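The values are calculated or read from the model by the stated rules, or taken from the named source; none is laboratory data. Note that the coordinates shown come from a computational prediction; the quantities given were computed from them, not determined experimentally. Glycine also receives a Cβ, built like all others from the backbone with ideal geometry; neighbour counts cover every protein chain displayed. Just so you know, the surface numbers come from the protein's heavy atoms only, side chains and all, with ligands and any DNA or RNA stripped out. Shrake-Rupley method; radii C 1.70, N 1.55, O 1.52, S 1.80 Å.
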Amino acid sequence: MKFLKGKVVIVTGASRGIGRAIALKVASLGADVAFNYSQSQDAAESLKKEIEALGVRCEIKKVDIKNFADVKAWVEEVKEKFGRIDILINNAGIIIDKALMMMSENDWKQVVDTNLNGVFNASRSCIVTFMKQKSGQIVNISSISGMIGLPRQTNYSATKGGINAFTKALAKEVAGFGVRVNAVAPGFIETEILSGFSDEQKEQITKMIPLNRIGAVDDVANCVKFLLSDQAAYITGQIIQVDGGLAIR
Ligand code: NAP
């Protein structure tokens, strides 16, 4: 059932990986889609064509999620073009994995500015619209790294832990306005973010995952689909792990 028909969804950082799968998923459910990217213009243009072939509208823009003014202007532009905004998926994210003793101030700042400040930038730009229309949803793409902490990811874990706390705080703040805010915390998912891992490392990771495989982008997109559906109408402020059982607590 195309339960997102007539809705407008913004996905941050959707030119590749998990964001791309989410953009395609919501488009296949009938939503018009707007997404940004930072560098991958060819990939973004080809995804736009794929989305439009599904019979919905798609707007793309090169916007650095780190820049509040640019993100705000982009969100306003999307609202003007589509006439509304219903859903924000905060997906854009990066890793710069290093032991803290080797981590530069820039390594820290890049990750915090992209992953955590990016969530603020897009959410702040959408929230008044959602509150005024008394409906809206935010889904943040977090990580199990923010729940259990992972070595060589102090910067990344800190941002994802921050996103989890942000999710809970905002969910309480806007529930009375009919706005739901949730997060999905993936484990290891096969995207370019894992390109730094050797096959041997991936084999070792797989052995630690109870469901015995690295996740696919659609494992995450399917969870997002559930959260956006009426089946999840009574769920807010939750961080749902999609990790094959890796970080069962
Ligand atoms: P990915 O394949 O590296 O894709 C990252 C996406 O974010 C790209 O579309 C990229 O755009 C965009 N992006 C990065 N920096 C940006 C910026 N400054 N402004 C705008 N867009 C930017 O990563 P992924 O694996 O799909 O990860 C997506 C999300 O899932 C991230 O938040 C990540 O932390 C989270 N996550 C991933 C995993 C995993 O195992 N893959 C696990 C847990 C959580 P360009 O193509 O233009 O660079």
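Counting only heavy atoms of the protein chains and using a 1.4 Å probe, residue 40 has close to 30 Å² of accessible surface. Rounded to the nearest 10 degrees, the inclination of helix 154-174 to the longest alpha-carbon principal axis of the chain is 30 degrees. With angles folded into 0 to 90 degrees, how steeply does helix 68-82 sit against the dominant principal axis of the chain? Use alpha carbons for both and round to 10. Value to nearest ten degrees: 40. The value of relative contact order for region 8-240, using C-alpha pairs under 8 Å at least six residues apart, is 19 percent. Rounded to the nearest Hz, the phi-derived 3J(HN,Hα) couplings of region 39-51 under the Karplus curve 6.51 cos²θ - 1.76 cosθ + 1.60 (θ = phi - 60°) are 9, 7, 5, 4, 4, 5, 5, 6, 5, 4, 5, 4, 5, where x marks glycine and proline. Label sites at residue 233 and residue 120, each approximated as a point 7 angstrom past Cα along Cα to Cβ, lie 3.5 nm apart. Calculated FRET efficiency, residue 103 and residue 131, Cβ-Cβ r, R0 41 Å, to nearest 0.05? Working from the Cβ atoms, E equals 0.60. For the chain, take the longest principal axis of its alpha carbons; what is the angle in degrees between that and the long axis of helix 199-208, to the nearest 10 within 0 to 90? It is inclined by approximately 80 degrees. Straightening the chain between residue 165 and residue 28 buys 46.2 nm, computed as 0.36 nm per residue apart minus the Cα-Cα spacing. Amide H contacts of residue 240 (H built 1.01 Å from N, in plane; Pro and chain starts excluded): 183, 184, 185 sit under 5 Å, all sequence-distant by 5 or more or on other chains.
The heavy atoms of residue 97 present about 40 square angstrom of accessible area, all protein chains included, probe 1.4 Å.
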